[in-house]
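**Q** Handing you this structure, nothing more for now.
Every read-out reported here was derived from the displayed coordinates using simple, explicitly stated rules and does not represent laboratory data. The shown structure was predicted, so the numbers you read here are calculated from the model rather than taken from an experiment. Don't worry about glycine lacking a Cβ; one is built from the backbone with ideal geometry, like all the others, and counts go over all protein chains shown.
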Amino acid sequence: MPCGGGDIGLNVWVENGDLLFYVAKSGTFDHNNTVLKLGRVRLKLSPNPFEAGSTFKQELVLKAGYVQIHGAKSGLSAQIRVWVDVFRPVIHVDVSSNKAINAEAAFESWRYVDHVTKGRENNANSYKFAPQGEIKTLKDSVRFASNEVIFYHRNDTQRSIFDVTVQQQGLDSLKNQLFNPLANLTFGGNLSGTGMKPAGTYQGNYLDTDFRGWKLVSTSASRSHALVMHLHTDQSASVADWQRGLDNVKKEAETYAKTASVQTQKWWNEFWTKSYVAILASPDSPQWQIARNYQLFRYMLGCNAFGNYPTKFNGGLFTYDPSLTDSTMRFTPDFRNWGGGIHTAQNQRLVYWPMLKSGDWQLMKPQFDFYLNTLRNAELRTGFYWQHKGASFTEQVENFGLPNSAEYTWKRPKAYDKGMEYNAWLEYEWDTALEFCLMILDTERYAAQNISEYIPLVESCLTFFNEHYQYLASKRGSKTLDGDKKLILYPGSAAETYKMAYNSTSTVSALRTVLTRLLELSDTYLNAEKRETWTLMLSRIPSISFRSFDGHPTIAPARLWERINNTESPQLYPVFPWSIYGIGKAGLDTAVNTYLYDKDALKFRSHVGWKQDNIFAARLGLTDEAARLTLLKLGNSPRRFPTFWGPGFDWTPDHNWGGSGMIGLQEMLLQVDGRKIYLFPAWPKAWDVHMKLHAPYSTTVEAVLKNGKLESLIVTPESRRGDVVNRLE
């Protein structure tokens, strides 16, 4: 089961009487851009109250954010509490027993030697299906020092994927100006235990991977034992600098040793009072399970509240041995499909949209900062290739803001535009960055947060579309706008599905919504000159296109397109995320027709992975359909932990599967349109529920529904109660 806090995630389990957990931390990228786990910890107790025949219980205590394990056998009982300090990168394992016992703890690493990655194993790094020469995961440094184990991985002098990508894409002249998150990155930590000393190393094999263990043993039997692991990540000038940083972590942990547990539990307590969804039914019922799984997945997201990097769609902090997901992938626990430092924006967005209504705005900062940190690189590449302004963020973007080298493609026609990905799925797909721009604008509206630092990002993304599509039109003819003085959004892309599109509906909707919302900001953010610029651009956005199926008018995915490449339904993106169509809005019948009659949308319909049909159905008020898909989407996974969904189209655990499930459940309960709040817009009357969710303008809505009747409604502030419309009535 997952356990974590701050920016650390642990996979915790007991096997053959041993407690084991993997350690993951946000931002641990090697020079190939694989997200490396820091290692595995193993704890043995002797005598052992967890071995075969014992009374055993393992529980994730959500309210306080820790894992508790209890075992008893032959008069011996012991309890282990595993927890992560939310405010400091420190992992704790506290053991208490009714009799004195001995403890043996070990740090286990499969990176004790260099490892050559071949074939599909390179899907975990940025080379993916196109490695350039031999690719190696380099070994860690692990050693005993005094009474602890110290371990770290350092990106030092080796040529990194950043260097390879910059050269591939012809940007060497800009290299010194580019943000490089991999150079000299060092990450690791130490493991120690009270009253424990080093006891040598050992070799072993777990599942598909050999490893070496560094063992600590207790000096005497005791009724209490405590393990602690301090972690540190830094782009340090030297290992000595990194070590000083780790020493500072240890000093701070010692300073707060008596209060850290209380502080952490208080943070989790407050996390759960901010929002919740509890369906009041039997724990055996599918309805109860989907609300329980909503909470469990939200916990997994909460474990990266303070990360330097966003929670990745393809496993987040909680990936594990890949052969347990796909028996043909007998790789190390560092593996995840679809890369480590690569961020597929179409998938990432679904992890972050639900955080608005759950009130977890703090958790959104790592994702916003991902784009802010790489903004300069995206602007530099635009200027270099096309000599105009604006940030060109591609769909599969590296953590340094450039297109992934494998997707950019190595074998390219000489005359092909060097700023473009030569890729049938990704070509001309620029608009997913606009979803994060809208999320930024929404945090200002939901939480009254000051978003001044992100306004240049929003404006640069808009500038790119304004300038690039006039640039492309000028290459084709003498006019940069069409006959109606609108932008000509060609060539474009409606998601990855409708390719070489003319006026893609997803792009048109994105630009219209983001520009409208930007212009709604106060003068704190926009001066008169900027308002004039964005008002002019908004007037130049073309109209959404339509088509008909059996006499039913529907939203078209674009005005024209050349081919269908994937299975998304961007013709419904004006419903979500762009909120142009929906309950109480003009044209709802056309949007409903699109869901019901569009033959592509019907063919593509599913609950798996990043599919968002459950969200569309909820936004359109199709209650039965939303309930059907949500029961599938948020039902128990086939694995032991019920929210380790996947692999879907990506990997296990599938975080865009969980995120889209959360969004759909929220939209069934609560939707917003300006200041208007729709309560239960797509909620089955037979599902009793107690919920608390957030709405714009610093508003929370808490409601209890029983037997089809609203028993309780608390709107904070009370002045917003008049804006609430109970759709069940």
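**Q** Taking the Cα centre of the chain as origin, sum charge times position over the Cβ atoms of Lys and Arg (+1) and Asp and Glu (-1), and report the length of that vector in debye to the nearest 20.
**A** Magnitude of the dipole: close to 480 debye.
**Q** For segment 2-274, treating each Cα as an identical point scatterer without solvent, what Debye log10 I(q)/I(0) comes out at q = 0.11 1/Å?
**A** -0.68
**Q** Between the helical axis of 260-274 and the dominant principal axis of the chain, each derived from Cα atoms, what acute angle in degrees is found, rounded to the nearest 10?
**A** Helix 260-274 sits at roughly 30 degrees to that axis.
**Q** Around residue 520, what is the net charge, scoring Lys/Arg as +1 and Asp/Glu as -1 over all other residues with Cβ under 11 Å from its Cβ?
**A** Numbers: positive: 445, 517, 531; negative: 444.
Taking every other residue near residue 520 into account, the sum is +2.
**Q** Quick one: angle between helix 623-633 and the longest Cα principal axis of the chain, in degrees between 0 and 90, rounded to 10, please.
**A** 40
**Q** Spelling out what I want: for every residue of segment 388-395, take phi, set θ = phi - 60°, compute 6.51 cos²θ - 1.76 cosθ + 1.60 (Karplus), and round to whole Hz; glycine and proline get x.
**A** Using θ = phi - 60°, the values come out as 9, 8, x, 9, 9, 8, 7, 6 Hz.
**Q** Show me 677-684, 51-58 ranked by packing, highest mean number of other Cβ atoms within 10 Å first.
**A** 677-684, 51-58
**Q** Let me ask something additional. Starting from the Cα of residue 197, step 7 Å along the direction of its Cβ; do the same at residue 273; then give the gap between the two resulting points in nm.
**A** 4.8
**Q** Tell me the trypsin sites (Lys or Arg not before Pro) within segment 226-315 that lie in a loop according to DSSP and have at most 10 other beta-carbon atoms within 10 Å.
**A** Values: sites: 244, 250, 251, 258, 266, 274, 292, 298, 312; in loops: 258, 312.
Passing sites in segment 226-315 are 258.
**Q** When the label point is put 7 Å from the Cα of residue 114 along its Cα-to-beta-carbon vector, which residues of segment 128-152 have a backbone N closer than 16 Å?
**A** Counting backbone N atoms under 16 Å from the label point, the list is 132-141.
**Q** Given R₀ = 35 Å, what would the calculated FRET efficiency be for residue 15 paired with residue 234, taking r from the Cβ atoms and rounding to 0.05?
**A** Efficiency, rounded to the nearest 0.05: 0.55.
**Q** Please give the contour-minus-distance gain from residue 725 to residue 136: 0.36 nm per residue of separation, less the Cα-Cα distance, rounded to one decimal in nm.
**A** 206.2 nm
**Q** With a/c under 1.5 counting as rounded, go ahead and sort segment 99-146 into rounded, prolate or oblate using the C-alpha gyration tensor (a ≥ b ≥ c being the square roots of the eigenvalues; past the cut-off, prolate if a/b is larger than b/c, else oblate).
**A** Prolate shape, in that a/c is at least 1.5 and a/b is the bigger ratio.
**Q** Okay, moving on. Hey, how many Å between the Cα centroid of segment 507-552 and the Cα centroid of segment 1-49?
**A** 46
**Q** Right, another one. Computed FRET efficiency, Cβ-Cβ of residue 174 and residue 61, R0 56 Å: what is it to the nearest 0.05?
**A** Values: r = 50 Å, r/R0 = 0.90.
Efficiency for this residue pair is about 0.65.
**Q** Using each residue's phi in segment 634-645, evaluate 6.51 cos²θ - 1.76 cosθ + 1.60 at θ = phi - 60° and report the 3J(HN,Hα) Karplus result to the nearest Hz, with x for Gly and Pro.
**A** Result, ordered by residue: 9, x, 4, 5, x, 9, 4, 8, x, 10, 8, 6 Hz.
**Q** In addition: For residue 415 and residue 244, calculate 0.36 nm times their separation in residues minus their Cα-Cα distance, and state this gained length in nm to one decimal.
**A** 56.5 nm
**Q** Fully extended, how many nm does the chain gain between residue 79 and residue 546 (0.36 nm per residue separation, minus their Cα-Cα distance)?
**A** Net length gain for the segment: 161.8 nm.
**Q** For Rg and Dmax of the Cα atoms in Å, several values are listed as [x] 26.3, 89; [y] 31.0, 93; [z] 32.5, 102; flag the one computed from this structure.
**A** Of the listed options [x] 26.3, 89; [y] 31.0, 93; [z] 32.5, 102, [x] comes from this structure.
**Q** Cross-link list 499/603; 365/611; 250/365; 389/486: which exceed 21 angstrom alpha carbon to alpha carbon?
**A** Numbers: 499/603 18 Å; 365/611 25 Å; 250/365 26 Å; 389/486 19 Å.
Violating the 21 Å Cα-Cα cut-off are 365/611; 250/365.
**Q** Counting other C-beta atoms within 10 Å, and keeping those with at most 12, which DSSP coil trypsin sites (Lys or Arg not before Pro) do you find in segment 380-412? Can you show the working numbers first?
**A** Working: sites: 381, 389, 411; in loops: 389, 411.
When the trypsin sites (Lys or Arg not before Pro) of segment 380-412 are filtered for loop state and at most 12 Cβ neighbours within 10 Å, 411 remain.
**Q** With r defined as the distance between the Cβ atoms of residue 448 and residue 251 and R0 fixed at 51 Å, what FRET efficiency is calculated, to the nearest 0.05? List each step's numbers first, then the result.
**A** Working: r = 36 Å, r/R0 = 0.71.
After rounding to 0.05, the efficiency reads 0.90.
**Q** While we're here: At a 10 Å Cβ-Cβ cut-off, how would you order 284, 241, fewest neighbours first?
**A** 284, 241
**Q** If I take every Cα pair under 8 Å that is 6 or more residues apart in segment 2-274, average their sequence separation and divide by the length, what percent do I get for the relative contact order? Walk me through the intermediate numbers first.
**A** Details: 590 pairs, mean separation 53.8, N = 273.
Across segment 2-274, relative contact order equals 20 percent.
**Q** Two-decimal Rg/Rh of segment 649-729 from alpha-carbon positions, Kirkwood Rh?
**A** Across segment 649-729, the Cα-based Rg/Rh ratio is 1.04.
**Q** Still on this structure: Between the helical axis of 365-386 and the dominant principal axis of the chain, each derived from Cα atoms, what acute angle in degrees is found, rounded to the nearest 10?
**A** For helix 365-386, the angle is close to 50 degrees.
**Q** Another question about this same structure. Once a ≥ b ≥ c are taken as the square roots of the eigenvalues of the Cα gyration tensor of segment 324-417, is the result rounded (a/c under 1.5), prolate (a/b larger than b/c) or oblate (a/b not larger than b/c)?
**A** Note, shape of segment 324-417 comes out oblate.
**Q** Related question: Given an 8 Å cut-off on Cα distances and at least 6 residues of separation, report the relative contact order of the chain as a percent.
**A** 12
**Q** Once you order the gyration tensor axes a ≥ b ≥ c over the Cα atoms, which shape class does segment 248-382 get: rounded for a/c under 1.5, otherwise prolate or oblate by comparing a/b with b/c? Intermediate results must be reported in sequence, preceding the final value.
**A** Numbers: a/c = 1.38, a/b = 1.12, b/c = 1.23.
Here segment 248-382 falls in the rounded category.
**Q** Let me ask something else. Filter the cross-link list 585/676; 530/676; 418/475; 57/274 down to pairs whose alpha-carbon distance in this structure exceeds 19 Å.
**A** From 585/676; 530/676; 418/475; 57/274, over 19 Å: 530/676; 57/274.
**Q** How far apart, in nanometres, would the label points at residue 46 and residue 362 be if each is projected 7 angstrom from Cα along the Cα-to-Cβ direction?
**A** 4.3
**Q** Between residue 163 and residue 68, what is the label-point separation in nm under the 7 Å Cα-to-beta-carbon projection?
**A** 5.2
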